[in-house]
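Contents: one structure, followed by commentary.
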Amino acid sequence: MSDRATDTSIWDGARQQEFPANGEPRVPGQKLLVTFEIAKVLVEERELEVMLPRFLSCLIETLDAADAGSIWLHDPADDKLVTHGAQGYDLATLQQLRLAPGEGMVGKVFESGHAQVYPTAEATEAAMSNLTPPDRELFERATIGVRRPLSAICVPLAADQTVLGVLALLNLRRAGGFRPDDEVFLTHVADLI
């Protein structure tokens, strides 16, 4: 008898993907289908103002914990991160924010070049503790009164080993947070951009 016939770890892993610990069944291959949809958006849309909201909508619809998302790009002229697309925010207010590398969750991920999950409200608050008072006020206005994200995930956007920006998703209203497989998925998605 071959090892393949007795090795059930592959099937056990598939069952865990289909029926995670919380007991809610997931659609098998859902993230793969979303990856194709995202690739389609990236190929079809030529204008950033149209592409980014569609891209973020796909992610927010796919990830149970995500309520809001934004894409931040580094502006080398003043060494600040500026949002170039958002869903679930007051975009006009969010676009007023100009974060320094190392400032807030987005700035920290930009500076480190590594994805980061902030699993609790306390973790998000700690990561955002160095926002300047004006930036904190703008963020609170942009999230339409929700002062503290319940959890968050930020993934660097890079090309040729250079970090160009950050994809940020926030959980503002729902119980439960981002899972480790969300970080893996979003890291692969960020590679498409």
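The values are calculated or read from the model by the stated rules, or taken from the named source; none is laboratory data. In this text, all values refer to a predicted model and were calculated from it rather than measured experimentally. With ligands, DNA and RNA removed, areas are computed over all heavy atoms of the protein, side chains included. Shrake-Rupley method; radii C 1.70, N 1.55, O 1.52, S 1.80 Å.
Worth a mention:
- Rolling a 1.4 Å probe over the protein chains gives Glu183 an accessible area of about 60 Å².
- Taking all protein chains together, Ile193, Ile144, Ile71 sort by accessible area into Ile144, Ile193, Ile71, largest first [probe 1.4 Å].
- Gained length - Asp79 relative to Ala159, 0.36 nm times residue gap less alpha-carbon distance: 27.0 nm
- Percent of C-alpha pairs per 10 Å bin, segment 62-193, short to long: 14, 50, 33, 3
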